[in-house]
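All remarks here apply to the structure that follows.
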Amino acid sequence: MECKPKYCIIGAGAGGLACARHASNASAEVTVFEQTDRIGGTWVYTDTIGQDQHEVPIHTSMYEGLRTNLPRQIMGFPDWPIESDVSYVKQEEVLQWLQDYVDEFKLRKLIRFEHQVIRVSPTYNDRSKWEVIVKNLRNERYDIYVFDYIMVCNGHYSHPMFPEYFGRDSFEGLQIHSHDYRKAEQFAGQDLLLVGAGYSASDIAIATVKVAKSVTISHHNPDKVDFDIEGSITVKPGILKLTSTGAVFVDGTEKKVSTIIYCTGYKYTFPFLSVDCGIRLEDNHVEPLYKHVININHPTMALIGVPFYCIPTQMMDLQARFCMKFFTGELKLPPKDEMLQDMEADIAYRRSKDLPRKWMHKLHGDFQWKYYEELARTADIQPIKPVIIALFEESMRRRAKSVQHYRRDKFEVINDEEFRVL
């Protein structure tokens, strides 16, 4: 009797669930380890910050009242759309969509909740297999498993990245990362400084300006986003230094503030991967990865969801299908030296565009569409529909025009090529 290949999937967020479904369709024996007590990953909301009941760092960065920054029409999986009367849906609607996905494809039985992956390493006798040490958080028991394939889906929006500023230790007010921001009411009557100009900074500004005494936004390129937010918002360039009472900006101006919220992004981290897994991480660049997803040194491991500035759910489903073509043996991966050459060519091209090392996984501009097309072509799988790409670009254009009101837009997909604005 032929044994089914054993798959270990780390994380039960959107990426892990997509991998679990596609691996299950390949008649594999699938185990999903999820360190929390529920599915959803970053889409789970909790008031708790810091650590959970098991003294494990809180994973989610979700804040109260969040609505998606992409239209639901492009946020679903290719054959599992998000249904709603609006285009920009609430966090709880996305979470329900994932729960319905789990129920529809009978994935819950595969998930071991409150199981924290402690260490992943190649087995001693067979370097193509994996030894996985897992802690059962409920009873603090450690177990060792052996798998044929590893799909790492631990998410990349849970470990805050803080900028270093002269005088940061001297500031006497509160300093937090947006990872720990939950509700605007906490900052009523305060003078707030938000550092960054991305989605979190915009959303927190919109929420806090209603209750704070003042809100200042600092960013290296203040013209990047038009902060047309109703209320008292001041936009400043980058920070030169911090003082005990506030910040001095590069234009020489100074602002006294009581709280600084760093909306400065997140860093990749894989604390459970042993050194002999062959994955290196430097300046937020993960390597060596073939097509940003398969571990070149040990190609029975995949790191799902590494590229950013993308359509996450569509991309992660595409990556999962890409990996399964090779993991099942339907297609054969190129030799190691060819995969390394492919990676180096991608890095060289990005550097020719003056992109810094920390942006080696950024799907900026046409990088996104070329990446999706390349995955689909290489693995001979169904590509992302052209309407998804067109709608993403239109939604980004509209957001740039109005960070406060773009979620009022409503779209309708007509076919695989076209959409319309209602």
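The values are calculated or read from the model by the stated rules, or taken from the named source; none is laboratory data. Owing to the predicted nature of the structure, the values given are computational and were not obtained by experimental measurement. Cβ: placed from backbone, ideal geometry, glycine included. Neighbour counts: every protein chain shown. Areas reflect the complete protein model, heavy atoms only, side chains present, ligands, DNA and RNA absent. Shrake-Rupley method; radii C 1.70, N 1.55, O 1.52, S 1.80 Å.
Counting Lys and Arg as +1 and Asp and Glu as -1, each charge on the Cβ, what is the dipole of region 168-262 about the Cα centre in debye, to the nearest 20? Don't skip to the end; give the middle numbers.
Working: 10 positive and 12 negative charges, 37 e Å.
Using only the charged Cβ atoms, the result is roughly 180 debye.
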Flagged as over-length at 20 Å C-alpha distance, from LYS325/LYS358; LYS291/LYS332; LYS4/LYS325; LYS4/LYS129, the pairs are LYS325/LYS358
Debye intensity ratio in log₁₀ form over the Cα atoms of region 1-110, taken at each q of 0.10, 0.19, 0.21 Å⁻¹ = -0.33, -1.02, -1.16
Placed amide H near ASP191: partners under 5 Å, 5+ positions off or other chain = LYS213, SER214, SER258, THR259
Estimated [θ] at 222 nm from DSSP helical runs (n ≥ 4, -39500 (n - 2.57)) normalised by residues in the chain, nearest 500 | -7500 deg cm²/dmol
For the chain, dividing by residue count, accessible area per residue (probe 1.4 Å) in Å² works out to 47 Å²
What size of dipole, in debye to the nearest 20, comes out for the chain about its Cα centre when the only charges are +1 on Lys and Arg C-beta atoms and -1 on Asp and Glu C-beta atoms?
-> 320 debye
Compare THR243, THR269, THR31 in a GNM of the chain, Cα atoms joined below 10 Å, and give the one with the largest fluctuation.
-> THR243
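Excluding the sites themselves, what is the longest stretch of the chain that contains no chymotrypsin sites (Phe, Trp or Tyr not before Pro) in a DSSP loop with at most 12 other C-beta atoms within 10 Å?
Details: sites that count: TYR124, PHE166.
In short, 167-422.
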Rounded to a whole %, the carbon-and-sulfur portion of the accessible area of region 243-317 at a 1.4 Å probe is 54 percent
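Where both partners of a DSSP beta bridge lie in the chain, what percent of those bridges are antiparallel, to the nearest 5?
Values: 33 of 67 bridges.
So the antiparallel bridges amount to about 50 percent of the total.
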Vicinal HN-Hα couplings computed from phi for region 342-356 (Karplus, 6.51 cos²θ - 1.76 cosθ + 1.60; Hz; Gly/Pro x) = 4, 5, 5, 5, 5, 4, 4, 5, 5, 5, 5, 9, 6, 7, x
Extreme residue, positive dipole direction of the chain, given options SER178, LEU318, SER218 (C-beta unit charges) = SER218
Under the Karplus curve 6.51 cos²θ - 1.76 cosθ + 1.60, θ = phi - 60°, whole-Hz ³J(HN,Hα) for region 84-94, x wherever Gly or Pro sits = 6, 7, 10, 8, 9, 9, 7, 3, 5, 6, 5
Mind jotting down the distance between the C-alpha centroids of region 361-422 and region 234-260, whole Å?
-> 37 Å
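Ignoring ligands, DNA and RNA, what percent of the 1.4 Å accessible area of region 153-228 is carbon and sulfur?
Working: 1760 of 3470 Å².
The C+S portion of the solvent-accessible surface of region 153-228 is 51 percent.
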Which trypsin sites (Lys or Arg not before Pro) from region 100-203 combine a DSSP loop assignment with at most 11 other Cβ atoms within 10 Å?
-> LYS106, ARG138
For Cα extents along the principal axes in Å, calculated from these coordinates, the label among (1) 72, 51, 44; (2) 106, 63, 44; (3) 83, 45, 33 = (1)
Taking springs between alpha-carbon atoms closer than 10 angstrom, which of THR328, THR300, THR42 fluctuates most in the Gaussian network model of the chain?
-> THR328
Over the Cα atoms of region 181-264, what Rg and Dmax result, in angstrom?
-> 11.6, 32
